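Below is one structure. I have some questions about it.
Computed from the coordinates by the stated procedures, all read-outs in this text should not be read as laboratory data. Here the structure is a predicted model, which means the values were calculated and not measured. Cβ coordinates were reconstructed from backbone atoms using ideal geometry, including for glycine residues, and neighbour counts include every protein chain displayed.
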Amino acid sequence: MVKSFGYIIFIIPFVLASCGVAVNTGKVVMLVGEAGMKTVATTGKIVAATGKATAKGAITVVDIAKGKQKIDLIKNGNSLYANVKLNNKEEALFLVDTGASYAQISRLMADKLKLNLNKGDRIIVKTANGQAQSGVVIYLDEIKVDCVKVKNIKAIVLDQDNLNLKEGLLGMSFLNNFIFEINVTKSELILHGKS
């Protein structure tokens, strides 16, 4: 807080994330995202924990053990799915989608988690097939994939669920918190903490 000419001025820091860069290395596609981060203190186990300010002023916290984490994915046709746990309550199967800006959960999953969708911001999004759909922006307490957690994460609930999504999408609001690789041949997601 700074005082100037009898007025009180609040200085509010903003952290902006930039887009990721895709690198094709043959059979392994690596997507590297960059985001401005500030370190958040953690206690207990040794983890790489970073946080970034969201639009609502809350902090997104990333919890990953040092080094890299290999997560086995489930292959179904040309799609890869991850087993996730939401808000430390519900287990779900999410399509790994680097083309989705945000994680997405189904309306059924939102009901299971007892989320109040009336409190979220209304948005219009374009789906992969180019159609515009309305939905709600929410913040999940946590998405956990294997032993990796991202807390206070932005997600979307569409008014009309996409038909073949299982329970949701693991999009860039989760993946951009890491340097990551997707090995399609081995059906693996490899996450490296950003520090």
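Can you put THR60, THR185 in order of Cβ neighbours within 10 angstrom, beginning with the fewest?
Values: THR60 24, THR185 9.
With the sparsest Cβ surroundings first, the list reads THR185, THR60.
In addition: Are there trypsin sites (Lys or Arg not before Pro) in the range 89-119 that DSSP puts in a loop and that have at most 16 other Cβ atoms within 10 Å, and which ones?
Qualifying residues, ordered by number: LYS89, LYS114.
Which of LEU93, LEU108 has the fewest other C-beta atoms within 10 Å, and how do the rest follow up to the most?
So the ranking, lowest neighbour count to highest, is LEU108, LEU93.
Right, something else. Based only on other Cβ atoms within 10 Å, what is the fewest-to-most ordering of ASP63, ASP121?
ASP121, ASP63
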